[in-house]
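Notes follow once the structure below has been shown.
The values are calculated or read from the model by the stated rules, or taken from the named source; none is laboratory data. Because the structure is a prediction, the values reported are computed rather than measured. No Cβ is skipped: glycine too gets one built from the backbone with ideal geometry, and neighbour counts run over all protein chains shown. All accessible areas refer to the heavy atoms of the entire protein, side chains included, with ligands and DNA or RNA removed. Shrake-Rupley method; radii C 1.70, N 1.55, O 1.52, S 1.80 Å.
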Amino acid sequence: MSELLRGTVVTPSGAIDDGVLALADGRIAEVGPASAFPAATLPAPSERVYLPGMIDVHCHGGGGFGFPDSDADGARAAAAHHLGRGTTTLLASLVSAAPEKLLERIATLAPLVDDGTVAGLHLEGPFLAQEVCGAQDPRYIIDGDPALLASLLDAAGGRISSMTVAAETAHFADLARQLSAAGAVVSVGHTAGDYDTVAAALGTPDGPVSITHLFNGMHPMHHRHPGAVGAALQAAGEGHAVAEIIGDGVHLAAGTVAMVFATVGPDHIALVSDAMQAAGMPDGQYSLGPLEVTVGGGVARLTTPDGTPGAIAGGTSSVLDVVVRAVRHSGVSLADAARAGATTPARLLGLKDRGELAAGLRADVLELSADLELLRVLRAGEQV
């Protein structure tokens, strides 16, 4: 099957205003300006905009289902929800839980990794800091345990792609070595560590390093106490780590998103959804692992006994939503936002066959209107 797409084609180096994507056999065969193609073969010019499929490295669910608690069919439905909204690759994120529960979730989700429904698993915990646990159940947060991690990695059989670990947890260096040896990203987050502790942690792993949702799950930066935020911005700015940011207008202000792009650049940013089961659903009652969540006005917060607003409990957006918001509200160029939504996450995960609109890569393509409304999703050249 082959197809020619004509419109504004967004590549990592910038947008081709009248560009063409030639697709064949599930791959991108050629990319370039329309003037480089035989005129007789071309479709008419259009105002369509073409982006690479989004890659979400931090997603707990959507469409009414969650990876931490749904059965395999529910987990497939959660992945399908995000696929229909432009996320052609995602990690299934878990939350802190008892060891037996984590092993059960790994067994449930393993077939989804094997058939490509999800690209891998992301463990957000249990080796986190209770002080900044956010929407993680503190009952299941424990000190770093290399033996437990070894059992999880063994059970997963190479399917764990990333794990969030607090910088100050016990045995951090050992945990980082285990994760890097298993080919997983070491993601530092939910940490109350000071600047020196977090900087040292970010410099420890031999493999790829990220920062779990920068600013969230860590103390605010102070000019005399830069803390985790300061260490993370420095590491990302120097190119040693990729900073996740949830630019959904709830977790971070638009100006904060603009500042991070200007400070560290899109090659060191992964825009993420941190979505939970309520993504794409009406306001109401939901869950995130063992915790109850109330969604009001599209904002997910932990349910509290007295009805006061609890901690933010994940997101209800997609990565494409976050990309478009970065353009509209933070002044980020579409090319830079797409790099942070697809290209940088692909490189972080070592996925060399996707993440940008370039010849030879898998044809994961999003077709948008001129005002950036999603019209069509292609995954490996097939419309979903």
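Could you look at segment 136-253 and say what percent of its accessible area is carbon and sulfur, using a 1.4 Å probe and all protein chains? Provide the component values of the computation, followed by the final result.
Details: 2350 of 4530 Å².
With neighbouring chains kept in place, the figure for segment 136-253 is 52 percent.
Could you give the nm distance between label points at residue 151 and residue 72, where each point is 7 Å from its Cα heading toward the beta carbon?
Reported label-point gap for residue 151 and residue 72 is 2.4 nm.
Go through 322-332, 292-302, 119-129 and give me the packing order, highest mean Cβ count within 10 Å leading. Could you put the intermediate results ahead of the total?
Numbers: 322-332: 21.0, 292-302: 17.4, 119-129: 25.8.
Output ranking for 322-332, 292-302, 119-129: 119-129, 322-332, 292-302.
Using label points projected 7 Å from each Cα along Cα→Cβ, tell me how many nm separate residue 80 and residue 306, to one decimal.
4.3 nm
Around residue 151, under 11 Å between beta carbons, what's the net of Lys plus Arg minus Asp minus Glu among the other residues? It would help to have the intermediate numbers written out before the result.
Values: positive: none; negative: 100, 145, 154.
With Lys, Arg at +1 and Asp, Glu at -1, the neighbours total -3.
Could you provide, to the nearest whole Å², the per residue accessible area of the chain with probe 1.4 Å? Each step should come with its number before you reach the end.
Values: 14390 Å² over 384 residues.
Computed with neighbouring chains in place, this is 37 Å² per residue.
Using only Cα atoms, tell me the angle between helix 146-156 and the longest principal axis of the chain; keep it within 0 to 90° and round to the nearest 10.
Tilt of helix 146-156: around 40 degrees.
If each residue of separation counts as 0.36 nm, what is the full-extension length gain between residue 196 and residue 39 once their alpha-carbon separation is subtracted?
50.6 nm
Treat every Asp and Glu Cβ in segment 131-195 as -1 and every Lys and Arg Cβ as +1, leave all other atoms uncharged, and give the resulting dipole magnitude about the Cα centre to the nearest 20 debye.
Numbers: 3 positive and 8 negative charges, 58 e Å.
So the dipole magnitude of segment 131-195 works out to roughly 280 debye.
List the trypsin sites (Lys or Arg not before Pro) within segment 153-226 that fall in a DSSP loop (any state other than H, G, I, E or B) and whose Cβ has at most 10 other Cβ atoms within 10 Å.
Numbers: sites: 159, 177, 224; in loops: 159, 224.
Those satisfying the criteria are 224.
Once both axes come from the Cα atoms, what is the angle between helix 172-181 and the longest principal axis of the chain, in degrees from 0 to 90, rounded to 10?
40 degrees
Using the Cα centre as the reference, give the magnitude of the dipole from point charges on the C-beta atoms of the chain (Lys, Arg: +1; Asp, Glu: -1; all else neutral), rounded to the nearest 20 debye. Could you put the intermediate results ahead of the total?
Values: 21 positive and 42 negative charges, 99 e Å.
Dipole about the Cα centre, nearest 20: 480 debye.
Would you calculate a helix-derived [θ] at 222 nm for the chain, using -39,500 (n - 2.57) for each DSSP H run of n ≥ 4 and dividing by the full residue count, to the nearest 500? Provide the component values of the computation, followed by the final result.
Values: 10 runs with 102 residues, N = 384.
Rounded to the nearest 500, it is -8000 deg cm²/dmol.
For helix 319-330, report the angle its Cα long axis makes with the longest principal axis of the Cα atoms of the chain; keep it between 0 and 90° and round to the nearest 10°.
So the inclination is approximately 80 degrees.
Once a ≥ b ≥ c are taken as the square roots of the eigenvalues of the Cα gyration tensor of segment 328-381, is the result rounded (a/c under 1.5), prolate (a/b larger than b/c) or oblate (a/b not larger than b/c)? Kindly include the intermediate steps, with their values, before the conclusion.
On the way: a/c = 2.61, a/b = 1.25, b/c = 2.08.
Note, shape of segment 328-381 comes out oblate.
So for the chain, taking the charge dipole from beta-carbon charges (+1 Lys/Arg, -1 Asp/Glu), which of 343, 144, 97 sits furthest toward the positive end?
Among 343, 144, 97, the one farthest towards the positive end of the dipole of the chain is 343.
Rounded to the nearest 20 debye, what is the charge dipole size of segment 299-384 about its Cα centre when +1 sits on each Lys and Arg Cβ and -1 on each Asp and Glu Cβ? Each step should come with its number before you reach the end.
Numbers: 10 positive and 10 negative charges, 49 e Å.
So the magnitude is around 240 debye.
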